[in-house]
Amino acid sequence: MSHLLEHFSIQLDDLKQQGNFRQFTTNIQQGRYIQINDRNMLNLASNDYLGLNADLQLREQFFDETPNDQRWMSSTSSRLLTGNFPEYEQLEESLSQAFHGRAALLFNSGYHMNIGILPALADSKTLILADKLIHASMIDGIRLSTAKYVRYRHNDLAHLTQLLQKYHEDEAYDRIIVVTESIFSMDGDETDLAELVRIKKQFAKVMLYVDEAHAIGVRGEQGLGCAEQYGVIDDIDLLVGTFGKAIASVGGYLMCHAIIRDYLINAMRPLIFSTAQPPICMAWTNFIFQKILNLNPQRQHLHTMSQMLQQNVQTKGFDCPSTSHIVPVIIGASTQTVEKAKTLQDAGFYIMPVRPPTVPQHRSRLRVSLTAQITHTDLDQLTQLL
Ligand SMILES: *Cc1c(COP(=O)(O)O)cnc(C)c1O
């Protein structure tokens with residue numbers, strides 16, 4: 001092996017020794033089930049929270065409604081060049097209508113969105129205050145910006161208020177952007193958005209940036225997220241989310257003021273310098289988005305099942321911070337967690353273990369991700385195995 005390769009090979013050996021080596025597995029999905037290494041299991045690691053990606057009838061209906069001459073498989077360009085097909089504007093119009101007339105802007109993925117918006121908006125006169133547990137994509141966005149940033153303790157809005165009091169009158173900053181998620185991906189807990197908005201209104205320099213990746217489709221009467229559920233759609237300056245989870249498609253969106261939208265079109269590098277998504281994806285996202293507005297029964301069912309599992313996990317004596325469909329079973333030690341996950345997988349439940357560095361030391365966990373396709377029987381069986 002060459003010296004150049006040997007360096008990387010040693011790093012990989014270290015990962016293997018720590019039990020942290022990752023590799024792809026072939027996943028064959030069918031309905032609620034996933035097949036890995038010839039074993040068929042109930043998929044409890046899915047982000048398809050409403051089961052729409054698994055729904056063959058929806059797919060059939062979409063292609064029936066979309067003639068071949070409208071099935072553009074590529075945009076072949078950025079939207080600022082020749083790539084701005086009508087499908088983009090139709091989807092933005094749908095989003096805008098649902099979100100009280102606010103402006104909508106689309107991105108190739110949630111990751112693109114989070115690494116692009118913050119560097120475009122936040123200059124050296126900006127301070128970013130971010131929850132300790134925000135997603136890696138927002139951390140990367142913050143790092144790409146020239147802003148100073150400070151983390152506040154997870155979901156600790158009193159700590160956030162202290163920091164705002166400390167920095168708000170500081171003349172070094174013209175703007176403060178508070179960055180958080182609504183539902184958090186590892187603990188399944190959520191930010192009190194009504195309280196966050198109340199705090200923001202006390203500080204004139206503050207803009208709120210809230211990522212609804214795990215809440216869009218799942219929360220609110222129409223599935224517009226926690227912002228709809230708590231009645232704060234108009235109060236969150238930068239309301240973002242992904243189409244890659246409950247919406248069963250791909251891409252990211254921002255709801256904001258029209259001025260911010262125009263500014264980002266002129267300043268956001270991942271938007272300007274990357275080929276826009278295939279128009280057929282936009283058409284599919286719009287098709288699904290119209291559906292989710294009316295899926296309240298599925299949301300209710302998911303909510304009921306989630307509450308039951310949270311309770312069961314606690315009754316079994318595990319720590320469980322969740323208030324959502326993402327239900328961690330916190331075990332503690334990594335080896336025990338991996339063994340438990342294997343036992344569950346052997347019994348037909350595909351649940352993944354999550355270990356440091358993704359979560360803090362001694363907080364290893366099974367991460368159960370429920371979808372609207374879960375039944376009472378599934379939950380009973382799963383609970384017994386815990
Ligand atoms: C999944 C996720 C993203 C990334 O979205 P993609 O569309 O998958 O790139 C961003 N933020 C959060 C909180 C997420 O969970």
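One line per residue, one yes/no per condition, for (1) among the aliphatic types (A, V, I, L, M); (2) closer than 30 Å to Ile216 by Cα:
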| site | (1), (2) |
| --- | --- |
| Gln17 | no, no |
| Asn20 | no, no |
| Arg32 | no, yes |
| Ala54 | yes, yes |
| Glu65 | no, yes |
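Among the numbered conditions (1) out of contact with any strand residue (DSSP E or B) (no Cβ under 7 Å at 6 or more places or on another chain); (2) open to solvent by 40 Å² or more (accessible area, probe 1.4 Å), the only one that Thr161 does not meet is (2). Inside the range 355-376, residues that are part of a loop (DSSP other than H, G, I, E, B) and more than 22 Å from Gln30 (Cβ to Cβ) make up a count of 9. Scanning the range 92-111 for residues that are within 12 Å of the ligand (Cβ to nearest atom) and out of contact with any strand residue (DSSP E or B) (no Cβ under 6 Å at 6 or more places or on another chain) returns Asn108, Tyr111. Restricting the search to helices (runs of 4 or more DSSP H) fully inside the range 112-208 and requiring at least 3 residues that are within 14 Å of the ligand (Cβ to nearest atom), of a type outside the set (Val, Ile, Thr) and touching a helix residue (DSSP H, G or I) at 6+ places or on another chain (Cβ under 7 Å) gives 136-144.
One line per residue, one yes/no per condition, for (1) without any contact (Cβ under 8 Å) to a residue 12 or more places away in the chain; (2) more than 28 Å from Leu105 (Cβ to Cβ):
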{"position": "Gln35", "(1), (2)": "yes, yes"}
{"position": "Arg39", "(1), (2)": "no, yes"}
{"position": "Leu42", "(1), (2)": "no, yes"}
{"position": "Ala54", "(1), (2)": "no, yes"}
{"position": "Phe63", "(1), (2)": "yes, no"}
{"position": "Thr66", "(1), (2)": "no, no"}
{"position": "Trp72", "(1), (2)": "no, no"}
{"position": "Ser77", "(1), (2)": "no, no"}
{"position": "Leu81", "(1), (2)": "yes, no"}
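Which of the residues spanning the range 211-238 are away from the ligand (no atom under 16 Å from the Cβ), closer than 23 Å to Ile142 by Cβ and assigned to a helix (DSSP H, G or I)? Residue satisfying the conditions is Asp235 alone. Across the range 322-331, a minimum of one residue is classified as more than 28 Å from Gly223 (Cβ to Cβ) and open to solvent by 10 Å² or more (accessible area, probe 1.4 Å).
If we keep just the residues of the range 1-24 that are polar (S, T, N, Q) and modelled with pLDDT under 95, which is farthest from Ser334 (Cα to Cα)?
Here the residue is Ser2.
Of all residues in the range 156-177, exactly one satisfies the criterion of being basic (Lys, Arg) and over 23 Å from Cys256 (Cα atoms), namely Lys166.
Within the range 48-86, count every residue that is within 16 Å of the ligand (Cβ to nearest atom) and open to solvent by 50 Å² or more (accessible area, probe 1.4 Å). Adding up the residues that qualify gives 1.
Does the range 257-272 contain at least one residue that is small (Gly, Ala, Ser) and within 15 Å of the ligand (Cβ to nearest atom)? The answer is no; no qualifying residue exists.
The values are calculated or read from the model by the stated rules, or taken from the named source; none is laboratory data. Everything numeric here is computed off the predicted structure, so don't read it as measured data. Counting neighbours? That spans all protein chains shown, and the Cβs are built from the backbone with ideal geometry, glycine included. Calculation scope for accessible area: heavy atoms of the full protein, side chains included, ligands and nucleic acids excluded. Shrake-Rupley method; radii C 1.70, N 1.55, O 1.52, S 1.80 Å.
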